[in-house]
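Report on one structure; see the data block that follows.
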Amino acid sequence: MNRIIIVVISLALMILTGCINHQTNQIIDGNITNSFKKNYKVVGLFDHFPISIKSKVSGKISFPPSNILAELKCDNREAEIVIIGKKNDYLEEMKKANYQVYNATNYFDTVNFIIDIPELKRTLFPVKKCNKYFIGKLPLPYFENYDFGLGEKEILEKQINGESHPHYHTVYNVPEDLKVYVIEARAGDFWKFDCKENRTESLGKWKHGYSKGIAISDKYNKVVFWLIVW
């Protein structure tokens, strides 16, 4: 991979297990870090996350279970931590930290390699552009899964035979100028427990891996921090 750009960034965010809590300055709580230590071989996955929060943020958090029974059952062998905040709130902090970025792209380029985490094991709401590897591209999150505060593009519904209630999925609007920067990404199965997931061949060498980075929209004053692991 060729280094494309150096990005300086520092954000103010915080995370609690399974939700985002605006009453604390803690960004990654102990349940998340302990879970990754028990489940994953790679360290430093959270090094690019900042520490404290300055204003309201949104996003999504899911991560591997930390208890032994869940490990044995191979439940939830994917993880995503995506936090969205106001870019202008963090301009001063962004000047103080340097990160090497190995891939920079407009999110809506036609040949981006986009990972839709929920659809890796299911086909409820498949997206044509997702989970297809392009040579030389690094994986990005499927940002339509996350609420940028720009409204909903559509709400999908699917009824599965034998189930009493339909499944729903919200597709959110994404800033059209969203620029995405991959700080680090590696292909490979780094899980400590082999679950032998059946992954589509379209992922190529990226049937397992991780990616982390940032995304910025100048037009809508948005900044995103992400980590996806699968």
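The values are calculated or read from the model by the stated rules, or taken from the named source; none is laboratory data. Remember, it's a predicted structure, so these values are computed and weren't measured experimentally. Using ideal geometry, Cβ is built from the backbone for each residue, glycine included, and neighbour counts are taken over all protein chains shown.
Worth a mention:
- Across region 213-230, the qualifying residues are those that are surrounded by fewer than 23 Cβ atoms within 10 Å (Cβ to Cβ) and not aliphatic (A, V, I, L, M), and the one among them that is farthest from the chain's Cα centre (by Cα) is 219.
Conditions tested, residue by residue: (1) loosely packed, with under 14 Cβ neighbours inside 10 Å; (2) closer than 27 Å to residue 44 by Cα; (3) in contact (Cβ under 8 Å) with a residue 12 or more places away in the chain.
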| site | (1), (2), (3) |
| --- | --- |
| 91 | yes, yes, no |
| 95 | yes, yes, yes |
| 109 | yes, no, no |
| 112 | no, yes, yes |
| 127 | no, no, yes |
| 131 | no, yes, yes |
| 138 | no, yes, yes |
| 142 | no, yes, yes |
| 152 | yes, no, yes |
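Table: residues versus (1) under 18 Å from the mean Cα position of the chain (by Cα); (2) assigned to a strand (DSSP E or B); (3) not β-branched (Val, Ile, Thr).
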| position | (1), (2), (3) |
| --- | --- |
| 140 | yes, yes, yes |
| 147 | yes, no, yes |
| 160 | no, no, no |
| 164 | no, no, yes |
| 170 | yes, yes, no |
| 177 | no, no, yes |
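- Residue count for region 200-214, restricted to those that are small (Gly, Ala, Ser), at pLDDT 95 or above and either under 21 Å from residue 54 (Cα atoms) or part of a strand (DSSP E or B) (or both): 2
- Only one of the numbered conditions (1) of a type outside the set (Asp, Glu); (2) under 15 Å from residue 106 (Cα atoms); (3) exposed (fewer than 14 other Cβ atoms within 10 Å of the Cβ) is violated by residue 180, and that is (3).
- Selection of first residues in region 57-75 that are closer than 11 Å to residue 35 by Cα and of second residues that are modelled with pLDDT under 75, restricted to Cβ pairs under 7 Å at least 6 apart or on distinct chains, gives the following pairs, ordered by first then second residue: 64/76; 65/71; 65/75; 65/76.
- Residue 190 meets each of the listed conditions (1) of a type outside the set (Asp, Glu); (2) modelled with pLDDT of 95 or more; (3) closer than 23 Å to residue 108 by Cβ; (4) over 15 Å from the mean Cα position of the chain (by Cα) apart from (3).
- Listed conditions (1) in a loop (DSSP other than H, G, I, E, B); (2) in contact with a helix residue (DSSP H, G or I) (Cβ under 9 Å, 6 or more places away or on another chain); (3) over 14 Å from residue 78 (Cβ atoms); (4) of a type outside the set (Ser, Thr, Tyr) are all met by residue 197, apart from (3).
- Region 151-179, subset more than 28 Å from residue 216 (Cα to Cα) and of a type in the set (D, E, K, R), residue modelled with the lowest pLDDT: 163
- Within region 183-198, the residues that satisfy the criterion of being surrounded by 14 or more Cβ atoms within 10 Å (Cβ to Cβ), closer than 22 Å to residue 137 by Cα and either among the aromatic types (Phe, Trp, Tyr) or in contact with a His (Cβ under 9 Å, 6 or more places away or on another chain) (or both) are 183, 184, 187, 189, 190.
- Taken over region 193-209, the criterion of being over 17 Å from the mean Cα position of the chain (by Cα) and among the hydrophobic types (A, V, I, L, M, F, W, C) is satisfied by 193, 195.
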